[in-house]
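The values are calculated or read from the model by the stated rules, or taken from the named source; none is laboratory data. Note that the coordinates shown come from a computational prediction; the quantities given were computed from them, not determined experimentally. Quick reminder, even Gly has a Cβ in these numbers, built from the backbone with ideal geometry, and neighbours come from all protein chains shown. Each accessible area value is taken on the protein alone, full model and side chains, heavy atoms only, with ligands, DNA and RNA left out. Shrake-Rupley method; radii C 1.70, N 1.55, O 1.52, S 1.80 Å.
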Amino acid sequence: MRLISNAFFAATLIGAPFLASAASAQSCPSYGTSGSALSYDSDTVYSAQSHDLYAGGDIQLGNCDDIPGYGYIVESPDFTLQYDAQDRGRALEFRVEAECDAILLVNDSRGGWHFNDDDQVEGGGMILDPRLRLANAPSGQYDIWVGTLGEDICDATLYIESW
């Protein structure tokens, strides 16, 4: 029993930074888990497909070193999209309409991260809803998180469309 206590004590003192970094790594978005399953091809999303959800979460994205962005999300993706580009070379767009200031985070089929908070509209204006358009999007898995700029949670709709 004393060995266990000493080992625990040593791990607590010496390993505290390691444990803290392991804990913070667990509190960031993870594409290792799946969100609600979606499966679309380029022709299907040529007409926008919509999905209702609650935006927000308890993870502060700004504390996640290897992932761009800021705001609050959940660990698992809200949606996991299996996308078939059908060799059409179209852009794949994700956009959100929300009752609060929403953010959008996507991990694409090649493992790249994409983030948007406020979308820029023609003429240089800004709207509070996020949008990401990925040019010539390849087939594969896309993990999608919809969060909020602040700690609030609100109703939102995710739209997926090809161009």
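Miscellaneous remarks
- Output for region 88-128, where each listed residue is open to solvent by less than 60 Å² (accessible area, probe 1.4 Å), in a loop (DSSP other than H, G, I, E, B) and under 15 Å from residue 149 (Cβ atoms): 100, 101, 117, 118
- Residues that are loosely packed, with under 14 Cβ neighbours inside 10 Å and touching a strand residue (DSSP E or B) at 6+ places or on another chain (Cβ under 6 Å), drawn from region 47-62: 48, 50, 52
- Contact map, region 139-154: first residue of a type in the set (Asp, Glu), second residue open to solvent by 30 Å² or more (accessible area, probe 1.4 Å), Cβ cut-off under 6 Å, separation 6 or more or different chains; pairs are 143/31; 151/72.
- Set 87, 78: member being at pLDDT 95 or above, over 14 Å from the mean Cα position of the chain (by Cα) and not polar (S, T, N, Q): 87
- Check on residue 158, without any contact (Cβ under 8 Å) to a residue 40 or more places away in the chain, open to solvent by less than 30 Å² (accessible area, probe 1.4 Å) and outside any loop (DSSP other than H, G, I, E, B): no
- Index of the failed condition, residue 131 passing every other in (1) in contact (Cβ under 8 Å) with a residue 40 or more places away in the chain; (2) open to solvent by 20 Å² or more (accessible area, probe 1.4 Å): (1)
- Enumeration of residues in region 50-88 that are touching an Asp or Glu at 6+ places or on another chain (Cβ under 7 Å), of a type outside the set (Val, Ile, Thr) and over 21 Å from residue 128 (Cβ atoms): 77, 84, 86
- Some residue of region 63-71 being part of a strand (DSSP E or B), in contact with a strand residue (DSSP E or B) (Cβ under 9 Å, 6 or more places away or on another chain) and either in contact (Cβ under 8 Å) with a residue 40 or more places away in the chain or open to solvent by 30 Å² or more (accessible area, probe 1.4 Å) (or both): no
- Residue-level check: of (1) open to solvent by 20 Å² or more (accessible area, probe 1.4 Å); (2) in a loop (DSSP other than H, G, I, E, B); (3) not small (Gly, Ala, Ser), residue 77 misses just (1).
- For residue 146, the requirement of being open to solvent by less than 10 Å² (accessible area, probe 1.4 Å) and over 10 Å from the mean Cα position of the chain (by Cα) is not met.
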